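*Asks:* Before we start, here is the structure in question, set down as structure tokens.
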Amino acid sequence: MIKLDADALGRRAEAMHKELARISAEPDRLVRLFLTPEHRRAADLVARWMGEAGLQVSEDAIGNVRGRMGEGPRLLLGSHLDSVIDAGIYDGPLGVIAPILAIDAFKRAGVSPPSGIEVIAVGDEEASRFPTTLSTSAALVGAFEQTTLALQDAAGVTYAEALRAYGKDPAKIATAAIPPGAAAVYLEVHIEQGPVLESKNQALGVVTAIVGQTRLAVTLTGIAGHAGTVPMKLRHDALAGAAEIVLMVERMAFTTDGMVATVGSLTVYPGAVNIIPGKVRFTLDLRTASDEQRQATVREFDRQARAIAARRGLVIEIATTHGIATVPCDPRLQDNLAAAIEAVGGKAIRLASGAGHDGMMFAKICPIVMMFVRCKGGVSHNPAEYASPRDMGLAVAALVRFIEGFRP
């Protein structure tokens, strides 16, 4: 086994994160969007790091930076370089930096990994620029949707136009696909984005599944009226109905093991202090590791929401705007990753991922597994996001141990 210094690896990881974080569209906060000048600079920096680690570097037709080593079916390692608006510095980049440091550890030890390796820095995971997500990993697995090319960003620039400005030809996106049989396994290192590892005082975890999601758009229509002249018993208040439904959803989530439910957006019409709300639109995001459970909850929500609306004399419309199935992580790979974590002195906590990841796409072509790294307070998508150098160093060390034992 390669001799490792987790503390030194962690210090290097921290320095690399800080260097990458300086690449931003805004001076006072991290904003790094897909196919922007900032993406170009970040991609070039990561390409340099890959080359220094001994990888053969290329960039594909949709802007993914890829570093390869060895022959045969490949162990894919990677994550994304794009950020949300006003981001933290670890979400995404950790899954690129950790593999680069792991491969560099092999180089410094003068040995080669026992299998083919490909480190991938994808460009579009956060959907911060275009109203799509995982489009660059979709291209890697041959699942890119051509309708994506017509999508526009906030400035009216289409996806296709942005690709051309970046120096890519949209007609060649299919060439980014990994050939059939070339991918053996996909492994992603990522901050947890939640508080479970911290609550258990453990640095690293093994992901059991990436949870499925259902998003609904709900519209309640009542009757707007004068706030002073319509008696309470004669009102058809859309906001009061929405409030009852929101609390109903919260109760359902509290009593359903492993489920989370979020109403993240609510708009009231006409929105005046002296008018009874006549219409309300809100969103609902439901997530759970069990597709059957989530689908049953959606059906129950529909039943109860319609009953509440009918009792209040409201018209209700419910539309599904997004749905994605749960993606399980391979049980054998979970065990192998747990053994690698234990080999560096950790206790492998097993937990589901409540957030989406590029692994959801890679699961279309190969088994997947994920390693979570503790983050302070469970905070993510926020400048306060933090993973300690010690924890990141342990993650790199565990990744090296995983690679040492990996056979396609």
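Every number in this text was worked out from the coordinates using simple rules, so none of it is lab data. Quantities reported herein were computed from a predicted structural model and do not represent experimental measurements. Every residue, glycine among them, receives a Cβ derived from its backbone with ideal geometry; neighbour counts consider all protein chains shown.
*Asks:* Counting every Cα pair in the range 144-189, what percent are over 16 Å apart?
*Replies:* Taking all Cα-Cα pairs of the range 144-189, the fraction more than 16 Å apart is 53 percent.
*Asks:* Okay, moving on. Quote to one decimal, in nm, the extra length available between Phe254 and Thr320 on full extension: 0.36 nm per residue of separation minus the C-alpha distance between them.
*Replies:* Answer, rounded to one decimal: 21.5 nm.
*Asks:* Related question: Compute the orientation-averaged projected area for the range 212-324 from the convex hull of its Cα atoms and round it to one decimal in nm². Don't skip to the end; give the middle numbers.
*Replies:* Details: hull surface 26.9 nm².
Over all viewing directions, the range 212-324 projects a mean Cα-hull area of 6.7 nm².
*Asks:* Let me spell out the model: positive unit charges on the Cβ of Lys and Arg, negative unit charges on the Cβ of Asp and Glu, origin at the Cα centre of the chain. What dipole size does that give, in debye rounded to 20? Before the final figure, lay out the partial values.
*Replies:* Details: 42 positive and 44 negative charges, 107 e Å.
Roughly 520 debye, rounded to the nearest 20.
*Asks:* Length gain on complete extension for the stretch His226 to Val111, per 0.36 nm per residue less the alpha carbon to alpha carbon distance? It would help to have the intermediate numbers written out before the result.
*Replies:* On the way: separation 115, 0.36 × 115 = 41.40 nm, distance 7.79 nm.
Value of the extension gain: 33.6 nm.
*Asks:* Also, I was wondering about something else. Taking the chain as the reference, fit the longest principal axis to its C-alpha atoms, fit the long axis of helix 331-343 to the helix C-alpha atoms, and give the angle between the two in degrees, 0 to 90, nearest 10.
*Replies:* On a 0 to 90 degree scale, this one is about 60.
*Asks:* Once the mean 1/r over all distinct Cα pairs of the range 324-372 is inverted, what Kirkwood radius in angstroms do you read off?
*Replies:* 11.7
*Asks:* Also: As I understand it, the value is the acute angle between the Cα axis of helix 291-311 and the longest principal axis of the Cα atoms of the chain; what does it come to in degrees, rounded to 10?
*Replies:* On a 0 to 90 degree scale, this one is about 20.
*Asks:* Moving to a separate point now. Compute the distribution of all C-alpha to C-alpha distances in the chain, in bins of 20 Å from 0, and list the percent of pairs in each, rounded to whole numbers.
*Replies:* Reading the bins upward from 0: 26, 52, 20, 3, 0.
*Asks:* Follow-up question, since we're still on this one. What does the convex hull of the Cα atoms of the range 1-155 come to per residue, in Å³, rounded to a whole number?
*Replies:* Spelled out: Cα convex hull of the range 1-155, divided by residues, is 107 Å³.
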